[in-house]
1. Got a number for residues in the range 370-400 being away from the ligand (no atom under 16 Å from the Cβ), of a type in the set (S, T, N, Q) and within 30 Å of F421 (Cα to Cα)?
2. Let me confirm something: among A444, A397, which residue is out of contact with any helix residue (DSSP H, G or I) (no Cβ under 8 Å at 6 or more places or on another chain) and not in a strand (DSSP E or B)?
3. Out of P152, P168, P130, which single residue is at pLDDT 70 or above and buried (at least 18 other Cβ atoms within 10 Å of the Cβ)?
4. Show the residue pairs meeting these rules: Cβ distance below 7 Å; 6+ apart or different chains; first residue within the range 452-481 and assigned by TED's automatic domain parsing to the domain that holds V136; second residue acidic (D, E).
5. Name the residues in the range 258-292 that are over 29 Å from K167 (Cα atoms), surrounded by 19 or more Cβ atoms within 10 Å (Cβ to Cβ) and either free of Cβ contacts under 8 Å to residues at least 24 places away in the same chain or more than 14 Å from the ligand (Cβ to nearest atom) (or both), would you?
6. Would you confirm whether any residue within the range 300-320 is hydrophobic (A, V, I, L, M, F, W, C) and farther than 30 Å from H423 by Cβ?
7. Return the only residue of E253, E279 being within 30 Å of L184 (Cα to Cα) and within 20 Å of the chain's Cα centre (by Cα).
8. Can you name every residue in the range 383-427 that is within 30 Å of H190 (Cα to Cα), in contact with a Leu (Cβ under 7 Å, 6 or more places away or on another chain) and not small (G, A, S)?
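The values are calculated or read from the model by the stated rules, or taken from the named source; none is laboratory data. Bear in mind that the values here come from a model prediction, so they are computed numbers and not experimental data. Quick reminder, even Gly has a Cβ in these numbers, built from the backbone with ideal geometry, and neighbours come from all protein chains shown.
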Amino acid sequence: MLTPYPPVFIAVAGLVSPNIMDSPVLNQLLRQLFRHPACQSLRRPPSSISRQTRTFLTRRTPTKRKSQDDGMLWTKRGDYPKNIDEEYWQYPTVTAKDLKNRRERPRQVKMLTREFIDEPFDFNQIEDGPAFHRMVGERYTEFEDKLDEEKPDIARQLWHTPTELFKPYYGETIARYLVSNYKLTLYPYHDLIIYEMGAGNGTMMLNILDFIRDTDYEVYQRTKYKIIEISPALADLQTKNLLDTLSSKGHRERVEIINRSIFDWDTYVHSPCFFLALEVFDNFGHDTIRYDARTQTPQQGGVLIDANGDFHEYYNTQLDPVAARFLRVRQAAARRPFPSPLGPWYLRNLRSAGPFRKEFSSPEYIPTRLMQFFDVLNQFFPAHRLVSSDFDFLPDAVPGLNAPVVQTRYQRQTVPVTTPFVHQGYFDIFFPTDFNVIEDMYRAITGKLTQVTTHEDFVRRWAYIEDTETRNGENPLLTWYKNASMLMTV
Ligand SMILES: C[S@@+](CC[C@H](N)C(=O)[O-])C[C@H]1O[C@@H](n2cnc3c(N)ncnc32)[C@H](O)[C@@H]1O
């Protein structure tokens, strides 16, 4: 059955706070949310074939130990009366790898949760694109059913990315790009050094290293893979996944996992290196700017939280140095006109003089943190080559230019809201990336040349697309993520 993810729209005219959310459903939602600890990233499972957002499990559920210590982790549930002791001992434990070549859904086996979600899709056995869509939904429903058996959680958050959905093929695609470029320009004078910022589960690292080891052992021996990960929990998970199997353990001496935000980086890396940033830019903080419609001068937005905890948005005519620099660099670097909430320049005077003109434009969200990331690259990684990908458009965004999607998940449904000023930690806020603008800014800051392609063009060029073809010839690796682009240093 297709997992139902009908978006539940909450029309919130102003700002979201518990005081203004009166409806019983919303109250229940907020009560549930406040009962749970903050999660780092809340992603929405795909709602359409062509425009994707991501889902990834962010909350790990603890399990209880059975009283007689047989080493088995056990959770008794009143509403799950079936006694499965006998089956538990009878059924073999299988891994995702064991099931790789099976055509039918496995029965009478048991799998660790990790293995259950880990099983890669066998695209060549899937009928068509919609069938794949359905299977992703089923996979997540089954996965959540399993977790609910251990510990029900109506506010559990999930996100998924091309790296996870198309493993190992997407990782192999990136690896092909890296190895080809390495061999063309750096080999044999330099090692292949790969930095990955924000590595999630560590799946990209494992897929890339497996691919290089299996296809070019000489290059593998000269490969070093370094992860820069802000989240301690994800850094631990990456280490755990690295040490999980005999095969992955073999990569240990090639890998370094550095648990640090890229914005705290302070080590000068003079060696040439590739720098991966896959689906991370959308996490970076943005500033809001609105413009005086008459004078076209910018004002910078902020939020005030009052004694009752209510949020109030404000604007200041004084821009802080970071936002001011962003506007200056963008203006100087732009090789083409960039969008403005004031509309195209040739209509602005007309609009501001019109009888129905508004005093201020709608807000524009500017990627100030992304600019600072380019500063870090420029300052500490002078010989890097960036390989980045992210969403260039997001459906269901809050109002404004380059505006984010703000959402949470409740009872397995995505709940988008209409304002970014929500209780931090309970909602996921992620931004689209305007690749034209950031390409120009990256060039201006680093002095490097670049290429922007769509996700589809990139995978057409570097993937073995037969790997992800369904039986009727559709190819989800090409058709999903139509709203993603890539920026690379050339
Ligand atoms: C949406 S996940 C993407 C994970 C992975 N790249 C993928 O495509 O599956 C974003 C990742 O970036 C990490 N991240 C976010 N901000 C970061 C920062 N300032 N420095 C380092 N990592 C960061 C998050 O912890 C998470 O691992």
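1. Of the range 370-400, the ones away from the ligand (no atom under 16 Å from the Cβ) are 378, 382-383, 385, 393, 395-400.
This time we only want the ones that are of a type in the set (S, T, N, Q), so: 378.
Now restrict to residues that are within 30 Å of F421 (Cα to Cα): none.
Looking only at that region, the number is 0.
2. Details: A444 fails: out of contact with any helix residue (DSSP H, G or I) (no Cβ under 8 Å at 6 or more places or on another chain).
Result: A397 is the single residue among A444, A397 that is out of contact with any helix residue (DSSP H, G or I) (no Cβ under 8 Å at 6 or more places or on another chain) and not in a strand (DSSP E or B).
3. Details: P152 fails: buried (at least 18 other Cβ atoms within 10 Å of the Cβ); P130 fails: buried (at least 18 other Cβ atoms within 10 Å of the Cβ).
Matching residue, one of P152, P168, P130: P168.
4. Pairs that qualify, where the first residue is assigned by TED's automatic domain parsing to the domain that holds V136 and the partner is acidic (D, E): there are none.
5. Passing the criteria: D287, T288, I289, R290, Y291.
6. Pass one, the range 300-320, residues hydrophobic (A, V, I, L, M, F, W, C): 303-305, 307, 311, 319.
Still in the list and also farther than 30 Å from H423 by Cβ: none.
Looking for residues that are hydrophobic (A, V, I, L, M, F, W, C) and farther than 30 Å from H423 by Cβ, one finds none in the range 300-320, hence no.
7. Values: E253 fails: within 20 Å of the chain's Cα centre (by Cα).
Result: E279 is the single residue among E253, E279 that is within 30 Å of L184 (Cα to Cα) and within 20 Å of the chain's Cα centre (by Cα).
8. Just the residues of the range 383-427 that are within 30 Å of H190 (Cα to Cα), to begin with: 383-390.
Filter again for in contact with a Leu (Cβ under 7 Å, 6 or more places away or on another chain), leaving 384, 386-389.
Correct list: H384, L386, V387.
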